[in-house]
Every structure is written in structure tokens, then in C-alpha cells.
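Participant: Take this structure first; my questions come after.
The values are calculated or read from the model by the stated rules, or taken from the named source; none is laboratory data. For clarity, every value in this text was computed on a predicted model and none was experimentally measured. Here the Cβ positions follow ideal geometry from the backbone for every residue, glycine too, while neighbour counts run over all protein chains shown.
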Amino acid sequence: MKAVVFHGVGHIVVDEVDDPKIEAASDAIIKITTSSICGTDLHMLRGTMTGMRYGTVLGHEAVGIVEKVGPGVEKFKVGDRVVVCSTIACGECAYCEAKEFASCDRANPNGPDAGTAFFGGPAATGPFNGLQAERARIPFADSVLVKLPKDVSDADGLLCSDIFPTGFMGAEMADVKEGDQVAVFGCGPVGQMAIASALYLGAKQVFAIDVVSDRLKVAKEQGAIAINFEKVDPVEQLKKLTNGYGPDAVIDAVGIDAQRPLKGPATSIVGVVETVIEKTAGAPFAVLTGNHWQKGDGPEQVLQWCIESVRKSGVVSILGVYPETEENFPIGKAMAKSLTIRAANCSHRKYIPKCLDMMEKTPFRPSTILTVFDGLENAVECYKHFDKREPGWLKVELTPEEI
Ligand SMILES: NC(=O)c1ccc[n+]([C@@H]2O[C@H](COP(=O)([O-])OP(=O)(O)OC[C@H]3O[C@@H](n4cnc5c(N)ncnc54)[C@H](O)[C@@H]3O)[C@@H](O)[C@H]2O)c1
Ligand SMILES: [Zn+2]
Ligand SMILES: [Zn+2]
């Protein structure tokens, strides 16, 4: 079958690989009808999320049809239309019982303390082959698959695989309440879902911070107040818009590949010097030259802005991915402001029902952010455009040729 395969930092190929097989009683094989590219895939290609194994199939977002089930699968049968949870969880351990699926004790073959297991990630997350492929093996299928209601389209289901539940979790972790003011850093796909979810949970105002005008425009269309961090200082602007207090909660939907402003009032000499150091000395496996897969030059920029802008006793909700090697966090400033800080990999299985419920109760459809529809065979080109955050490349849906 065809799949997007990781060959090294800055190097992926659409290749022929072996079809997946049932390996354990609880496995299912699905035929993938649609998949997509996520900002998390970019961290791996840029080398800011390290430890990827040569030959791993990428991707962790998909909708498909069950094609085979192992003898231990009870909830699914051949022909069922399903969305795949990006994170893999056994469904039975104490953490899964508590709906903390991202902390599952049994799913990660590296052991209970190895962290979240997910599709198409580094060796430390499994590794499990991913979903940018024609077929995939789904471990613990009863827990990792969710049946899609008939009236939910494949495209809406696809965004329930990862980014919609992640955005929803971000708003929930931010304790968003009726009348709150919330800032969302990053207007990529995850940021857009966090904006929609914060408004749904009752936020009076949502401020959306980014530098890409095309993405700020989408945020504005959702009802957010757009802030371009190269036109104004985002921390000052957020204070100004909240009577000097700062927002009640801030959500980091950017992560390790954050950029510093290259112009405007938020630039600083220290920032420029740090950018040079970061570009040349930072992640040892990052691609330092060339046009693509450039890592961000301000890995802690968003965390700093979050801590500086949120009001005292406010909440910081971190969705953006940081690798285990990242150790710099402005804990002193957070302490001085009595902040609540939450960070998590999404427990998709817990949040997908909340997303389906939100779609049932409101006209919101996550698929409105899908801007590019292409074949799986063109995935490498699509990755390049998405990596550069080109206008019109907010979220890519990839469809295998066989469908
Ligand atoms: N916690 C989870 O379970 C989970 C799940 C999915 C994705 N993620 C993570 O969420 C993050 C966002 O994913 P995405 O698909 O939207 O990625 P993306 O790369 O498409 O979007 C990131 C956005 O952040 C903007 N940005 C860069 N520097 C910034 C700054 N200093 N201030 C404000 N905005 C800035 C970029 O311009 C871009 O629009 C990634 O880190 C991804 O790995 C986490
Ligand atoms: Zn994702
Ligand atoms: Zn478990």
C-alpha cells in the first residue's frame, strides 16, 4: 500500500510499504478514507521533536472503514465507519478508567512511564505506524476507534481525530466560564478549534494572536479579536483590551516551533541575539539551511507571553507540543502571579463525544477550516506548503487513491 514514510529530518517520501496485519487479538485493520497533516508532524520533520525512526509511517488523524478485526474486538465489525483517536490507549487500566487516556499505563510498549502512545510518532511514543496511508493497524481497537454518527461527514469526523478534541480540551483546561476573556496564541488548525470551543463554553471575548494574516482572518471570522504580534506588542495589547488586567485564561496553541517577532514593537535586541543562538545551537538535529522545515526561533516565546499577559490568579492552558528535552519555563513569574498551569496531550477518547455533542447543538462544523483537498500521493508537496504557512494552506485533507 502507499504511505507517507519518515526517512529523516527534512525528508519524507510517499512510498510502497507492506499492508498492516492483525498482530494482537485487540487489533483492527482499517481502510483509510481520509487523513490529514498536523502541526505535530511538522515538529518531527523540523527535528524539534526528536527520536523518529527511519521507516515510520507518519500521520495521526484519520477516518476509515473497518476491514478486519482481531478475535478480541467486541465493539466493532467489518464495514463500520470510524474516526481514529490520535492517542492510543488500552481502555482498561486505572488511567483509562479515569478517562486519562493520554496517560494509559499499557499502550506504550516502552513502559508505563514512557509517556503518551500515539500514531506516527517518535520511538518513545511506541513507535506505531501512522495514518497517512491506505490502511492502518489500530491497536486496542475497542478503545481507539469511535463510530461516527451517520449525519457527521467524513471531513468533520476527520477533524475529530485530533485537533477539534485538542482545542476543546484547551478551552476546558483553561476553565473557560460564561463571560471570560480568553487569549489563544496561534491561529493554526488547533488554535482555530480552541477559539471555537472557548466561545462555545461561554467566553465573552476571545483574542487570537498570530502573525499570518490569512489565519488571523479566519479567527476573526469566528468572532475573535485578531492581534498581529508584528504590528503590536501582544502582551501590551492584551492588557489594553482587558482594562489593564490581562485575560482570565491564555491558551498556547503554538508549541516548540514558536517564532519571535522580526519587526514591530515586540522585537528586542535580546530577542535578536537569542534568535541567532537558537538558529545555530538549538535542536542538534534540526535542519539549519534551506527553504523548508525551519524550526521556530523562539521556543519559549509563547510560554513567556502567556505568563506575562494572563491576569493574576489566571489559568495557562498548554496545548502546543514541547519535547521532553525542553526545560526552560518561566516558573518564577508564574509563581509570583499565582497562576494555574495545565499542559496535556489530548485524551481524544474523552473529548470526541463532547465535540460530537457541540456539533449537534450548534451550527459549528470543524471542516470549515479545511482549505486544501489533495491525493495522498501528493502529500510531500502538501507538507511543504503547510510548513510554510502559505495563504490558503490552513489544513490539508489527504485522500488515498484507492477510495
Ligand atoms: N496537546 C495535544 O494533544 C496536541 C494535539 C494536536 C496538536 N498539538 C500541537 O498544537 C500546536 C499547533 O498545531 P497546529 O496544527 O495548529 O500547528 P501550525 O504549525 O499549523 O500552527 C501554529 C501557528 O502558530 C503561529 N505562531 C508561531 N509563533 C507564534 C507566536 N510567537 N505567537 C503566536 N502564534 C505563533 C504560527 O504562525 C502558526 O499559525 C503544535 O505544537 C502541535 O504539535 C498538540
Ligand atoms: Zn495532530
Ligand atoms: Zn489504559
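Participant: Yes or no: Lys68 away from ligand 3 (no atom under 12 Å from the Cβ), without any contact (Cβ under 8 Å) to a residue 12 or more places away in the chain and within 22 Å of Thr34 (Cβ to Cβ)? Break it down into steps so the answer makes sense when it comes.
Facilitator: Details: away from ligand 3 (no atom under 12 Å from the Cβ): yes; without any contact (Cβ under 8 Å) to a residue 12 or more places away in the chain: no; within 22 Å of Thr34 (Cβ to Cβ): yes.
Answer is no for this residue.
Participant: Report yes if some residue within segment 72-84 is in contact with an Asp or Glu (Cβ under 9 Å, 6 or more places away or on another chain), among the aliphatic types (A, V, I, L, M), surrounded by fewer than 16 Cβ atoms within 10 Å (Cβ to Cβ) and farther than 24 Å from Arg342 by Cβ; otherwise report no.
Facilitator: yes
Participant: Tell me, which residue of segment 167-186 that is closer than 20 Å to Asp357 by Cβ and surrounded by fewer than 24 Cβ atoms within 10 Å (Cβ to Cβ) is nearest to ligand 1 (Cβ to nearest atom)?
Facilitator: Met173
Participant: On the basis of being near ligand 3 (Cβ under 10 Å from one of its atoms), within 19 Å of the chain's Cα centre (by Cα), modelled with pLDDT of 95 or more and assigned by TED's automatic domain parsing to the domain that holds His7, does Phe118 make the cut?
Facilitator: So Phe118 fails the test.
Participant: Further, regarding this structure: Residues of segment 4-28 being assigned to a strand (DSSP E or B), under 24 Å from the mean Cα position of the chain (by Cα) and either without any contact (Cβ under 8 Å) to a residue 24 or more places away in the chain or farther than 26 Å from Ala344 by Cα (or both), which ones?
Facilitator: Val4, Val5, His7, Gly8, His11, Ile12, Val13, Val14 - these are the residues of segment 4-28 that are assigned to a strand (DSSP E or B), under 24 Å from the mean Cα position of the chain (by Cα) and either without any contact (Cβ under 8 Å) to a residue 24 or more places away in the chain or farther than 26 Å from Ala344 by Cα (or both).
Participant: A further question follows. Can you tell me which residue within segment 294-344, out of those that are more than 11 Å from Ile256 (Cα to Cα), within 12 Å of ligand 1 (Cβ to nearest atom) and in a loop (DSSP other than H, G, I, E, B), is nearest to the chain's Cα centre (by Cα)?
Facilitator: Looking at residues that are more than 11 Å from Ile256 (Cα to Cα), within 12 Å of ligand 1 (Cβ to nearest atom) and in a loop (DSSP other than H, G, I, E, B), I get Ala344.
Participant: Taking Pro323, is it buried (at least 16 other Cβ atoms within 10 Å of the Cβ), of a type outside the set (D, E, K, R) and at pLDDT below 95? Explain how you work it out, then say what you get.
Facilitator: Numbers: buried (at least 16 other Cβ atoms within 10 Å of the Cβ): yes; of a type outside the set (D, E, K, R): yes; at pLDDT below 95: yes.
It is true that Pro323 is buried (at least 16 other Cβ atoms within 10 Å of the Cβ), of a type outside the set (D, E, K, R) and at pLDDT below 95.
Participant: What are the pairs with Cβ atoms under 7 angstrom where one residue, in segment 312-330, is assigned by TED's automatic domain parsing to the domain that holds Gly191 and touching a residue at least 12 places away in the same chain (Cβ under 8 Å) and the other, located anywhere, is assigned to a loop (DSSP other than H, G, I, E, B) and aromatic (Phe, Trp, Tyr)? Sequence gap at least six, or different chains.
Facilitator: Matching pairs, first to second residue: none at all.
Participant: Can you work out which of the residues in segment 73-108 that are touching a helix residue (DSSP H, G or I) at 6+ places or on another chain (Cβ under 6 Å) and aliphatic (A, V, I, L, M) is nearest to Gly157 (Cα to Cα)?
Facilitator: In this case the residue turns out to be Val83.
Participant: Would you mind listing the strands (runs of 3 or more DSSP E) fully within segment 172-268 where at least 2 residues are touching a Pro at 6+ places or on another chain (Cβ under 6 Å)?
Facilitator: In segment 172-268, 181-185 are the strands (runs of 3 or more DSSP E) which contain 2 or more residues that are touching a Pro at 6+ places or on another chain (Cβ under 6 Å).
Participant: Hey, does segment 122-133 have a residue that's over 19 Å from Tyr322 (Cβ atoms) and more than 16 Å from ligand 2 (Cβ to nearest atom)?
Facilitator: For segment 122-133, residues over 19 Å from Tyr322 (Cβ atoms) and more than 16 Å from ligand 2 (Cβ to nearest atom): absent.
Participant: Here is a list: Lys350, Lys295, Lys354. Which entry is charged (D, E, K, R), touching a residue at least 40 places away in the same chain (Cβ under 8 Å) and in contact with an Asp or Glu (Cβ under 6 Å, 6 or more places away or on another chain)?
Facilitator: Answer to the check: Lys295.
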